Amino acid sequence: ETGVTQSPTHLIKTRGQQVTLRCSSQSGHNTVSWYQQALGQGPQFIFQYYREEENGRGNFPPRFSGLQFPNYSSELNVNALELDDSALYLCASSSGTSGRNEQFFGPGTRLTVL
Amino acid sequence: KQEVTQIPAALSVPEGENLVLNCSFTDSAIYNLQWFRQDPGKGLTSLLLIQSSQREQTSGRLNASLDKSSGRSTLYIAASQPGDSATYLCAVPLKTSYDKVIFGPGTSLSVIP
């Protein structure tokens, strides 16, 4: 059984640029949730994808968008990057929506915006 | 609005001590509560998940309890080891139209040899 993987591991961008982060869910899982974790804080929920549809969103602006593919892998896209977007981005997969089922996290992508 | 807090924010103990980490939440309408471990700059490792109908869960030296009515959970670590040094986070999903998960800020644990 393959765990949750994320790519890339690290990324450096400049303000105004766009970035795409990728996540492969654990085998058998149909739900992917994305989180942003600033230094010294707990993860903040960005959104969740269930069977290729967005199924809930946290307090993040529309420039944060996502996709889920038929194999349940997912992308997080951030447009018009701002300095405050610098964070560790985590994805988690679960079998069913994230609230009811145990989530398994990937290693994260560290994004630095200069 | 669900708010999750963790006390203490940081803890430093000598090796071998038993210790308790606390998690509090304001909305008791939850499906479950999950404890995670996070090493610096890394992802989250699931430690224990307690369903709302359960009172506690155990895994090795870890024991987590849940008191839904008082909005509290504790994570008990027995005979702490330097390898236990990490940040411990609790997470509580909301019973909303979608299942948003709220994390606490974490407790940073340092076990000194």
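The values are calculated or read from the model by the stated rules, or taken from the named source; none is laboratory data. All of these numbers come straight from a predicted model, not from anything done at the bench. Glycine gets a Cβ as well: all are built from the backbone with ideal geometry, and neighbour counts include every protein chain shown. Heads up: the accessible areas ignore ligands, DNA and RNA and are worked out on the full protein's heavy atoms, side chains in. Shrake-Rupley method; radii C 1.70, N 1.55, O 1.52, S 1.80 Å.
Given the options A:Q44, A:Q36, A:Q26, A:Q6, name the one that is open to solvent by 50 Å² or more (accessible area, probe 1.4 Å), within 14 Å of chain B (Cβ to nearest Cβ) and closer than 20 Å to B:R37 by Cα.
Details: A:Q36 fails: open to solvent by 50 Å² or more (accessible area, probe 1.4 Å); A:Q26 fails: open to solvent by 50 Å² or more (accessible area, probe 1.4 Å); A:Q6 fails: open to solvent by 50 Å² or more (accessible area, probe 1.4 Å).
Exactly one residue qualifies, and that residue is A:Q44.
Which condition number does A:E54 fail, the rest of (1) among the acidic types (D, E); (2) away from chain B (no Cβ under 11 Å); (3) within 13 Å of the chain's Cα centre (by Cα) being met?
Here A:E54 clears every test but (2).
Return the residues of the stretch B:3-28 that are within 11 Å of chain A (Cβ to nearest Cβ) and assigned to a loop (DSSP other than H, G, I, E, B); say none if nothing qualifies.
B:A9
Conditions tested, residue by residue: (1) at pLDDT 95 or above; (2) within 23 Å of A:Q6 (Cα to Cα).
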| site | (1), (2) |
| --- | --- |
| B:A29 | no, no |
| B:W35 | yes, yes |
| B:L44 | no, yes |
| B:N63 | yes, no |
| B:D99 | no, yes |
| B:F103 | no, yes |
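Return the pair list, or none, for Cβ contacts closer than 8 Å from residues in the stretch B:2-23 that are touching a residue at least 40 places away in the same chain (Cβ under 8 Å) and surrounded by 13 or more Cβ atoms within 10 Å (Cβ to Cβ) to residues that are in a loop (DSSP other than H, G, I, E, B) and acidic (D, E), at least 6 apart or on different chains.
Matching pairs, first to second residue: B:Q2/B:D27.
Give the stretch A:1-33 a look and list any residue that's of a type in the set (S, T, N, Q), assigned to a strand (DSSP E or B) and within 13 Å of A:L81 (Cα to Cα), or say none. First the steps, then the outcome.
Keep residues of the stretch A:1-33 that are of a type in the set (S, T, N, Q), which gives A:2, A:5-7, A:9, A:14, A:17-18, A:20, A:24-27, A:30-31, A:33.
Among the residues that remain, those that are also assigned to a strand (DSSP E or B) are: A:5-7, A:20, A:24, A:31, A:33.
Within the stretch A:1-33, A:T20 is the sole residue that qualifies.
Considering the stretch B:29-39 alone, what residues qualify as being part of a strand (DSSP E or B) and more than 10 Å from chain A (Cβ to nearest Cβ)? Don't jump to the end; show me each part of the working.
Step one: list which residues in the stretch B:29-39 are part of a strand (DSSP E or B), which gives B:32-38.
B:L33, B:W35, B:R37 - these are the residues of the stretch B:29-39 that are part of a strand (DSSP E or B) and more than 10 Å from chain A (Cβ to nearest Cβ).
Does A:N101 satisfy the criteria of being in a loop (DSSP other than H, G, I, E, B) and either out of contact with any Gly (no Cβ under 6 Å at 6 or more places or on another chain) or open to solvent by less than 20 Å² (accessible area, probe 1.4 Å) (or both)? Spell out how you get there, then give the answer.
On the way: in a loop (DSSP other than H, G, I, E, B): yes; either out of contact with any Gly (no Cβ under 6 Å at 6 or more places or on another chain) or open to solvent by less than 20 Å² (accessible area, probe 1.4 Å) (or both): yes.
Yes: the conditions hold for A:N101.
Tell me whether the stretch A:72-84 contains one or more residues that are modelled with pLDDT under 90 and open to solvent by 70 Å² or more (accessible area, probe 1.4 Å). So that I can check it myself, show each step before the final result.
Here is the first cut: in the stretch A:72-84, the ones modelled with pLDDT under 90 are none.
Checking the stretch A:72-84: not a single residue is modelled with pLDDT under 90 and open to solvent by 70 Å² or more (accessible area, probe 1.4 Å).
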